[in-house]
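Right, one structure below, let's go through it.
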Amino acid sequence: MVRIGLLSCAHPAAEAYAECLRRLPETKLAGIADDNPERGRAAAARHGTRYLSSEQLLSEEVDAVIVCAENARRPEGVRAAAAAGKPILCQQPLATNLPAARETIRFCREKGVTLATAFACRYLPAFARLKQSCEAGELGQILAARGTSRGMMPDGWLVDKELAGGGAVMEQAAPAVDLIRWLLGCEFVSVYAETGRLLHSENGIEDCASLILEMENGAIACLDPSWSRPRSYPFRRDLTVELVGTLGAALVDGFRQTIQLYRAQEEPPAWHYWGSDATELLLRDFAAAVHAGGPPPITGEAGLRALEVAVAAYRSAETGAPVRLADLR
């Protein structure tokens, strides 16, 4: 059994990680550390585990940790875990700026510690099947891609620019960016972006954006990362990817596997998701890698590439011109 601790539970994804770690037979939730004692103790009580300080958790006999701190505080958590020799799964983004993300990756490499990025959506069966189609050449040469990653407006530190590093682009874009990069097997070379505050202007950060990305194989990708879903939306985000190739096209909706229930009473519709649990599949893979002492399923470099796109998008929105990713390196 692989014993995994949560190093901060600031991000909402921490709840799903804790539930999966308790449910999976091959993992154990070894404890929760959080610099907010009230938040940490409440999470530990909900999930039937111990609340510990970060130092206590990292000195315990845990086999690995998951870092779910606020975006700006993740590098500190990752470095502490790496210094203790613990393999790490880090919620994305790895940091709020590129120097911090690069230094985090370098530090983990120097310490010989595994750093994985939590891009769970790669594990959704429909995207895994689309990856097989791309590798087999079933769609021919991919000419264009379109993605959406639209969620509901968050609150708390996620709308604090200092802690979050940005708004909808920083929080929403990465899953679709990573999927397109992974599916096509090539890198982005430039980003043009426009951002706006159209629905939730009171927070002073962007709630919507439109990104146009050029890839090294010549394909063009368009992306809508926004906080445009209403509070009644059943998921934290939608996630779709459409690919157009010389031999065909494909469209995947990552959360299509739902039962939609409409009652006779005057109640809102309910969606019950019955599809595969991507978080569970990610944690199974991460735990297997920790147990075997092998490479992480999705590297820290994958997180860096997604962060580069977000940083380039903000710079493009400020200047009104495309930004080449090579200029950020």
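The values are calculated or read from the model by the stated rules, or taken from the named source; none is laboratory data. No experiment lies behind these values; they were computed from the predicted model shown. Glycine gets a Cβ as well: all are built from the backbone with ideal geometry, and neighbour counts include every protein chain shown.
From the list Glu214, Glu187, exactly one residue is closer than 17 Å to Arg324 by Cβ, in contact (Cβ under 8 Å) with a residue 12 or more places away in the chain and out of contact with any helix residue (DSSP H, G or I) (no Cβ under 8 Å at 6 or more places or on another chain). Which is it?
Glu214
Take the residues in region 77-103 that are farther than 18 Å from Thr114 by Cβ and in a helix (DSSP H, G or I); name whichever of them is farthest from the chain's Cα centre (by Cα).
The extreme case among them is Pro99.
Let me confirm something: among Asp178, Asp224, which residue is at pLDDT 95 or above, closer than 23 Å to Asp277 by Cβ and acidic (Asp, Glu)?
Answer to the check: Asp178.
Just the residues that are of a type in the set (A, V, I, L, M, F, W, C) and assigned to a strand (DSSP E or B), please, taken from region 24-58.
Hits for region 24-58 are Leu29, Ala30, Ile32, Ala33, Leu52.
List every residue pair whose Cβ atoms lie under 8 Å apart, where the two residues are 6 or more positions apart in sequence or sit on different chains, the first residue falls within region 129-151 and is at positive phi, and the second residue, located anywhere, is assigned to a loop (DSSP other than H, G, I, E, B).
Gly137/Leu247; Gly140/Thr246; Gly140/Leu247; Gly140/Gly248
If Arg150 passes every condition in (1) part of a strand (DSSP E or B); (2) more than 15 Å from the chain's Cα centre (by Cα); (3) of a type in the set (D, E, K, R) but one, which one does it miss?
That leaves (2) as the condition not met.
Which of (1) at pLDDT 95 or above; (2) within 21 Å of the chain's Cα centre (by Cα); (3) farther than 17 Å from Phe119 by Cα is the odd one out, the single condition Tyr192 does not satisfy?
(2)
Name, by its number, the condition in (1) within 19 Å of Gly303 (Cα to Cα); (2) among the aliphatic types (A, V, I, L, M); (3) surrounded by fewer than 16 Cβ atoms within 10 Å (Cβ to Cβ) that does not hold for Leu143.
The number of the failed condition is (1).
Of Ala173, Ala126, Ala144, which residue is in contact with a helix residue (DSSP H, G or I) (Cβ under 6 Å, 6 or more places away or on another chain) and either assigned to a helix (DSSP H, G or I) or at pLDDT 95 or above (or both)?
Exactly one residue qualifies, and that residue is Ala173.
When the residues of region 202-255 are narrowed to those that are part of a loop (DSSP other than H, G, I, E, B) and of a type in the set (Val, Ile, Thr), which ends up surrounded by the most Cβ atoms within 10 Å (Cβ to Cβ)?
Among residues in region 202-255 that are part of a loop (DSSP other than H, G, I, E, B) and of a type in the set (Val, Ile, Thr), the one surrounded by the most Cβ atoms within 10 Å (Cβ to Cβ) is Ile205.
So, in region 176-201, of the ones that are of a type in the set (A, V, I, L, M, F, W, C) and in a loop (DSSP other than H, G, I, E, B), which residue ends up nearest to Ala13 (Cα to Cα)?
If we take residues in region 176-201 being of a type in the set (A, V, I, L, M, F, W, C) and in a loop (DSSP other than H, G, I, E, B), then Leu199 is nearest to Ala13 (Cα to Cα).
Which residues, taken from region 289-329, are of a type in the set (Gly, Ala, Ser), touching a residue at least 40 places away in the same chain (Cβ under 8 Å) and in a helix (DSSP H, G or I)?
Ala289, Gly300, Ala302, Gly303, Ala306, Ala310, Ala312, Ala313, Ser316, Ala317, Ala326 - these are the residues of region 289-329 that are of a type in the set (Gly, Ala, Ser), touching a residue at least 40 places away in the same chain (Cβ under 8 Å) and in a helix (DSSP H, G or I).
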